[in-house]
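A short write-up of the structure that comes next.
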Amino acid sequence: MQNKVIFIVGPTGVGKTELAFRLAKKFDGNLISADSVQVYKELNIISGKDIPKDTQFIILPELSKNVSHAGYYNYNSIPIFLLDVVDSSFSFTVSHFQDLAKKVINFILRKKKLPIVVGGTGLYIKSLTSDIETVLISPNKKLRKELESLGIEELQEKLKSINKDKFESLNHSDLFNKRRLMRAIEASRIMNHESRIMKEKKYDSLTIGLYCDRDVLKQRIDKRVDARLKTGALDEAKSLFKNYENLSRQVKDANGYKQLFMFLNDEISLDEAVYRWKISEYRHAKNQMTWFKKYGDVRWFDITEKGFDKNIENSLREFLR
């Protein structure tokens, strides 16, 4: 495949994984999940893995350094990597993803297969396609403990005082996301002393973006949330909630889990939790589109247009010549 990699991006609920499987069958590809929630074991229904329980999982020891285990599911004869990588208590970072994903991409290329990276976590995608200043900066546990005690406004002011340019570059979602503010402060403090920017050859890549009308997407999200509730989302949340104190911040804040945990903690009703879950998914989808539209070289396809999938296949054939 001559170092060629396909990326499939877009908002939650738009059908990225379905397209990825179809392309993998047609173009002899292997899939790599770029989803910050699906890396966790035990997070199955709410996260939307949709992998049957009896699907074979093949562990690859060479990928498992620093994580509990890594390998791939052999689903309908298509390998899909970077699902169920770590336990729910593990703080999985962009750096972890980048390290694993690069190993997986090289593993797939050595097999003469086409790596297809699919997901909506923008930083994960960016870590493979461009330089990210913060990705090599190790977490500072002492600093994080200090920052945990601060409120959103205090964190905003702290970031503004040490890195005004970074503060002004954040979108609305980032400005009110405590974990992202803490990470920005942590990175800015280190980079004030020494910039550690990755400089290495990137992949020859094609990035395919999927989108649709906002109302259509909301309907798809509603349908998906309702389906996950019917197939055991609440039971999954209850199982995780038993160990709530030990869950990673990423798990506690993940869409669906966060709202159902609030219900289980008697903070809101189940109807309110479901409503908030859907609203949070709408906002997440909007933020993803904002991110990827700024991202750069993406070929966008409207999933409601007739023949959009055939047009994608033609673009892929042209890229792979």
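The values are calculated or read from the model by the stated rules, or taken from the named source; none is laboratory data. Because the structure is predicted, anything quoted here is derived from the model rather than measured. A quick note on method: Cβ atoms are made from the backbone with ideal geometry, for glycine too, and the neighbour counts reach across all protein chains shown.
A compact table of results
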| item | result |
| --- | --- |
| Criterion violated by T134 - all others in (1) modelled with pLDDT of 85 or more; (2) crowded, with 19+ Cβ neighbours inside 10 Å satisfied | (1) |
| Whichever residue in segment 273-321 is more than 18 Å from G13 (Cα to Cα) and of a type in the set (V, I, T) and, among such residues, is surrounded by the most Cβ atoms within 10 Å (Cβ to Cβ) | I312 |
| Sole residue being among the polar types (S, T, N, Q) and in contact (Cβ under 8 Å) with a residue 60 or more places away in the chain, chosen from N44, N74 | N44 |
| Of all residues making up segment 56-82, the number that are surrounded by 17 or more Cβ atoms within 10 Å (Cβ to Cβ) and either at pLDDT below 90 or not assigned by TED's automatic domain parsing to the domain that holds A24 (or both) | 4 |
| Identity of the residue in segment 297-321, in a loop (DSSP other than H, G, I, E, B) and touching a residue at least 60 places away in the same chain (Cβ under 8 Å), that ends up farthest from F176 (Cα to Cα) | T304 |
| Qualifying residue in segment 200-215 (condition: modelled with pLDDT under 95 and of a type in the set (G, A, S)) | yes |
| Count of segment 100-121 residues which are under 17 Å from M289 (Cα atoms) and at pLDDT 90 or above | 3 |
| Residues (assigned to a loop (DSSP other than H, G, I, E, B) and of a type in the set (D, E)) located in segment 207-261 | D213, D253 |
| Meets criteria (outside the structural domain of E245 (by TED's automatic domain parsing), among the aromatic types (F, W, Y), closer than 22 Å to G209 by Cβ and not in a strand (DSSP E or B)) for F97 | yes |
| Segment 150-177 residues that are over 19 Å from Y295 (Cβ atoms), paired with ones that are among the hydroxyl-bearing types (S, T, Y) (beta carbon under 6 Å, 6 or more apart) | I162/S188; N163/S188 |
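Per-residue answers, yes or no, for (1) assigned to a loop (DSSP other than H, G, I, E, B); (2) in contact with a helix residue (DSSP H, G or I) (Cβ under 6 Å, 6 or more places away or on another chain); (3) crowded, with 19+ Cβ neighbours inside 10 Å:
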residue: I8; (1), (2), (3): no, yes, yes
residue: P11; (1), (2), (3): yes, yes, yes
residue: K26; (1), (2), (3): no, no, no
residue: L43; (1), (2), (3): yes, no, yes
residue: K49; (1), (2), (3): yes, no, yes
residue: D54; (1), (2), (3): yes, no, no
residue: D84; (1), (2), (3): yes, no, yes
